[in-house]
Every structure is written in C-alpha cells, then in structure tokens.
Amino acid sequence: MNKTLALALVLVLTGCTTIIRANQQGATTEGVMSVVESNNKFAIDFYHKIRVNDEGNLFFSPYSLSTALAMTYEGARGETRKEIQEVFYFMEDDSLRRPSTGMVYNLINTPRAKYNISTANALWVQEEFPIREDYVKLIRDYYAGEATNLDFVERTEESRVRINNWVEDYTNNKIKNILPPGTLSPLTRLVLTNAVHFKGYWEHQFSKDDTTDQDFNTSSQLVTVPMMRLTDSELAFNYTEDDSVQVLELAYKGGDLSMLLILPKNESLITVEQGLTNNKLNEWSSGLTPEEVYIYLPRFTFETKYFLSEELKEMGMPTAFTESANFTDISSFPLMIDDVIHQGFVEVNEEGTEVAAATAVVIAITSAPIKEPKFFRADHPFIFLIRERSTGAIVFMGRVTNPVS
C-alpha cells in the first residue's frame, strides 16, 4: 500500500572557485556552519507554519527566503531588527555573519561539471530616492547584489515587468510573474530579490521503461500517478528507518547534492510532521547507511506561491510591516515592508530534478506625515512678508527682483 510522501531537499555544498563572488574575507568554518544552522532552523519553523493551513503540496527555498530577508535585516534597526533576527536566527555578530553569508553564496555559485546550481541577488530602487550609500555597498559586497534604479512612481508596470524578467532569467524561466499586477505601487521605494536554481541528474537514474501508472494514497483518496521504479540489487543507497518512518537519500551526479525522502510507515504524515525538528533531521541523516533498496517514487511537477506578510507577522516580526518599522540603515525616510512574495518550482523525473525559487521583498514608503522634501529655490523674483504669527498682522512687506541691486 502506498504511503503519503514527504520530501526534503538537502544541499551539501563544496568547492571554492566561483564566477560571481561576494566578499568572504573574515569567514570561518564556524561562521558558515552558523549561517547554515540558521537557515535550517528557519526551514523547519516555516514548514510548520505553512503546513497548518495548506493540505496540498508544499515547496519553498529557505535559502532564498533567508537571503532576501537577510538583505532586509541589514537595513533594520531597533525592534524591527530584533524581530527579524529572532525569526530567521541570524547571527548577531555582523563581522562574522556577513563574510560567512558571502562564502555560502560563493559556494553555491561554484561551477560544477555534472550539475547546475546558481543564485543571484538584486536591489531595485526608486530613481532619485535617497538610499544610504553604505547600505548599497554592503549588499553589493556581501550579497553580490547590484542596485538598479527604476521608476515605481510613474512607470509602475514597466518596473514590475523588469523585475519579473530578471527573476525568470535567473531561474531558467521556471519562476514567472513573481510580482503579479498590483503588487507594486507609486509608494514602492525598494524591492529586494533573490533567485536560486538547480538542475541535477540522479547518480543512478530511473529507466522510463520501468515507469508505470500506479495508485498513490493521498490519505483521503487513491489517485493514479506515474510511478518510477529502480530495483537493481547491485546498487546501494543510504537508508535508515525507525518505528515511524523510512528515510532514503538519493544522490545527484557529482556527489555534492542529494534528495532526502522521509516516508511515514503506519503513522500519518501529520503525525510525522508534528515531530519534525532540526535535531530529528540530523538524527536521521547521521543514521544513514548503504543498503539494498528497491525504490518506487512518483514522477511529479508542481509550482507554489506564497504571499507571506501575515505568516511572517505571526512568526514574530510584525513591526517591519507597520509604520513603526525602523529601516533607517536603508534610508532616512520612513519605510515599511509592503509584502514578501515567494514562488517555487519543482520537477522530479527519471533523469533527475530541476528546482527553482525566488523571493521578493517589497518595501514602501509609509503613509506617515513625513513626506519627501519639496524644493524651494528662490532663484527668480519673489514677494516677502514679515508678520506677527499669532495674529497674522503684516508688519513689513516687500519684493525682491534683484538681490544684488
């Protein structure tokens, strides 16, 4: 009898030569592991958050979300910064976190001969909006994110399309229209984007000839799916099990990345999910040993999209979405997060896997009374009055037609 399937992608990144590089000077092994641990802790928290209200397929990139919000975090102060840090478990030591984040970025972008993986960051800034130069430099240095000026005020739709095209380019055209119509407005001042893409081939591929239509038990009904099969007694796969689950690791060519599959036994998927923690994942991973395993895995493709303002507020960072937000390390003007959008794509077939994800953090100027400055340049004739303010009585009045006459 087929069981409901839970999937987790585990990325093990090695190498150090990259084409696109972020600043990693000062990074340490300890710092990189802290960045990875923060990412993984958030991954589990976020999985638990979205699974509660969604009974369907789930897919997201914790790396993409963490990176986009890390760039946002760099511009935050006070309570806003504290809340983001606690939700994403960011290391508080800037001098170690930033170069270690840069090193992880460089590791992901290391060219590989047997698979493709890449990530990219970008800032999209309202033209002539006074953004702090040190913030722009920080994002360029440690996140390799270049700033591009757009006109959200007068050319909102054109700006939206430009950002969407960038995301498509960096996800092999798998993530389309991440910013739907209406996402941006004339109040938008900054959009932070991350994109990540991976395409790899199984170390031991399935044969298409062995794929047949079989039943899949969704727990509420039986559906017919294309079921791949790999039953070679000469092959060994990393495997472990306990009373509640079977755990299988499928490696991709190159050996650096793998997919970890967690399959409930007699327990329901919900029960297994409730006990899912980072420590439990580490326990399963450390227990993997080579075994002869006959594998039946459904072929699948799906997309996901999440608008995450409410979820992130509930996870512990509400201030960033209010007029009380403090992003003064980005600009002296009052800013707040308008929305956080995350979109994913996954395809698993007989040859391997292609996945892509992107995150967009839309930041707008608040509707607080503080406004963008007006320019009063008295470089032509003018009238002036001197008056008593409480009564409005004009005491003196005149005009200037030539200040040097």
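The values are calculated or read from the model by the stated rules, or taken from the named source; none is laboratory data. All of these numbers come straight from a predicted model, not from anything done at the bench. When we count neighbours, we look across all protein chains shown, and the Cβ atoms used for this are built from the backbone with ideal geometry, even at glycine.
Side notes on the structure shown:
- Test result for residue 239, surrounded by 15 or more Cβ atoms within 10 Å (Cβ to Cβ), closer than 27 Å to residue 104 by Cα and either aromatic (Phe, Trp, Tyr) or at pLDDT 95 or above (or both): no
- Selected residue (criterion: nearest to residue 357 (Cα to Cα)) from residues of segment 88-139 that are of a type in the set (Ser, Thr, Tyr) and over 21 Å from the mean Cα position of the chain (by Cα): 115
- Out of 185, 159, one residue alone is in a helix (DSSP H, G or I) and under 20 Å from residue 131 (Cβ atoms). It is 159.
- In segment 63-79, residue farthest from residue 101 (Cα to Cα) [restricted to those that are in contact with a Lys or Arg (Cβ under 9 Å, 6 or more places away or on another chain) and part of a helix (DSSP H, G or I)]: 73
- Residue 359, sole failed condition from (1) closer than 23 Å to residue 184 by Cβ; (2) part of a loop (DSSP other than H, G, I, E, B): (2)
- Per the listing 164, 177, the residue uniquely out of contact with any strand residue (DSSP E or B) (no Cβ under 6 Å at 6 or more places or on another chain), in contact (Cβ under 8 Å) with a residue 12 or more places away in the chain, closer than 25 Å to residue 301 by Cβ and in a loop (DSSP other than H, G, I, E, B) is 177.
- Among the residues of segment 247-267, the one identified as surrounded by 16 or more Cβ atoms within 10 Å (Cβ to Cβ) and of a type in the set (S, T, N, Q) is 258.
- Tally of residues being surrounded by fewer than 19 Cβ atoms within 10 Å (Cβ to Cβ) and in a helix (DSSP H, G or I) across segment 113-155: 6
- Selection within segment 188-206: residues that are touching a Leu at 6+ places or on another chain (Cβ under 9 Å) and either charged (D, E, K, R) or part of a loop (DSSP other than H, G, I, E, B) (or both). The member of this set that is surrounded by the most Cβ atoms within 10 Å (Cβ to Cβ) is 189.
- Pair list, Cβ < 9 Å and 6+ apart or interchain, from segment 289-300 residues that are in a strand (DSSP E or B) to residues that are acidic (Asp, Glu) and surrounded by 15 or more Cβ atoms within 10 Å (Cβ to Cβ): 300/347
- Members of segment 207-242 that are under 18 Å from residue 267 (Cα atoms) and touching a Leu at 6+ places or on another chain (Cβ under 6 Å): 240
- Matching residues, segment 258-288, being free of Cβ contacts under 8 Å to residues at least 40 places away in the same chain and either under 25 Å from residue 33 (Cβ atoms) or not in a helix (DSSP H, G or I) (or both): 266, 267, 275, 279, 280, 282, 283, 286
- Total residues in segment 302-353, condition in a strand (DSSP E or B) and either surrounded by fewer than 21 Cβ atoms within 10 Å (Cβ to Cβ) or β-branched (Val, Ile, Thr) (or both): 15
- Filtered residues of segment 170-192 (kept if within 23 Å of residue 136 (Cβ to Cβ) and aliphatic (A, V, I, L, M)): 178, 179, 184, 187, 190, 191, 192
- Some residue of segment 206-225 being of a type in the set (S, T, N, Q) and farther than 29 Å from residue 350 by Cβ: no
- Any chance residue 63 is in contact with a Phe, Trp or Tyr (Cβ under 9 Å, 6 or more places away or on another chain) and either over 30 Å from residue 218 (Cα atoms) or surrounded by 15 or more Cβ atoms within 10 Å (Cβ to Cβ) (or both): no
Here's the yes/no breakdown for (1) buried (at least 21 other Cβ atoms within 10 Å of the Cβ); (2) under 23 Å from residue 313 (Cα atoms):
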| site | (1), (2) |
| --- | --- |
| 30 | no, no |
| 41 | no, yes |
| 54 | no, yes |
| 80 | yes, yes |
| 90 | yes, yes |
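- Flag for residue 164 being at positive phi and crowded, with 16+ Cβ neighbours inside 10 Å: no
- Counting residues in segment 185-207 that are without any contact (Cβ under 8 Å) to a residue 12 or more places away in the chain and of a type outside the set (Asp, Glu) gives zero.
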